[in-house]
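Engineer: Let me begin by handing over the structure; questions about it come next.
What follows is calculated from the coordinates using simple rules that are stated; it is not laboratory data. Here the structure is a predicted model, which is why all the values come from computation and not from measurement. So basically every Cβ, Gly included, is an ideal-geometry build from the backbone, and we count neighbours across all protein chains shown.
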Amino acid sequence: MMKIRRKANQYTRNRKNLPRFSVCLSPTSIKSVFWWLLLLGILTFFMFLGLGSLSTETVIAAVEQQQTATAELLYRSQTRLDDQSGKVWQVILFKQVYPGEGETLNLRLVGFPGSAELIHPQPLKITTATGKVLSAADVFLDEAPAPTIGQYDFQDILPKLPTEPLVLSIPQPGDRSINISVPLRVVQEWQRVGSGEG
């Protein structure tokens with residue numbers, strides 16, 4: 001029995017002389033922990049990078065049909081789109097049908113705070129993906145309800161639009177313009193509004 005105790009005492013004496021973490025973290029275990037942490041960091045980076053790229057073309061739009069108290073029918077598509085500098089614009093295409101009087105079809109652009117002021121009257125330039133350029137007349141001949149609102153007559157424009165992405169160009173002073181890219185699904189909704197589908 002004495003011999004066993006003596007060996008245990010020698011073992012504990014040798015163990016006391018060793019640095020505290022040397023048993024747990026050998027050079028090979030430190031390398032393996034480093035590589036696992038590096039791998040985890042890389043995976044996390046790519047996961048966030050992937051999530052960021054998924055949200056770049058988020059477009060929420062809806063086609064609504066409403067009937068007002070005056071028996072007027074209102075069809076509209078409303079969405080939010082970014083211009084080339086990242087400013088958000090509310091883009092509303094609406095068709096008003098007046099019983100026995102006819103109908104109007106307009107595109108309204110509403111800039112959120114921080115958007116540039118619009119000059120009136122200035123036509124809206126519409127460019128298709130194939131390079132076709134159309135021009136819509138400004139409805140606000142003198143003054144808009146707010147400086148960042150524009151409204152354009154789309155009655156003759158919508159039937160001419162092909163089913164492809166568009167760029168709306170709002171003229172600014174000098175040779176500058178505000179460009180808003182309109183995705184295909186929004187153009188398709190506009191065509192449904194034009195045909196009176198709710």
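Engineer: Applying a 10 Å radius around every beta-carbon, put 166-172, 178-184, 139-145 in order of their mean neighbour count, most first.
Structural biologist: 166-172, 178-184, 139-145
Engineer: So which trypsin sites (Lys or Arg not before Pro) in the range 92-198 pass both tests, a DSSP loop state and at most 11 other Cβ atoms within 10 Å of the Cβ?
Structural biologist: Answer by residue number: Arg176.
Engineer: So if each residue of separation counts as 0.36 nm, and I subtract the Cα-Cα distance between Lys132 and Phe46, what length gain in nm does that give?
Structural biologist: So the extension gain works out to 27.1 nm.
Engineer: For the range 119-131, in order, what is each residue's ³J(HN,Hα) by Karplus, 6.51 cos²θ - 1.76 cosθ + 1.60 with θ = phi - 60°, in whole Hz (x at glycine and Pro)?
Structural biologist: With coefficients 6.51, -1.76 and 1.60, one gets 9, 10, x, 9, x, 8, 9, 10, 10, 7, 5, 8, x Hz.
Engineer: Now, a different point. Using 0.36 nm per residue, how much length does the chain from Tyr98 to Val33 gain when fully extended, once their Cα-Cα distance is taken away?
Structural biologist: Once the chain is fully extended between Tyr98 and Val33, it gains 16.1 nm.
Engineer: Related question: What FRET efficiency comes out for the pair Val167/Phe140, r = Cβ-Cβ distance, R0 = 25 Å, nearest 0.05?
Structural biologist: Efficiency, rounded to the nearest 0.05: 0.70.
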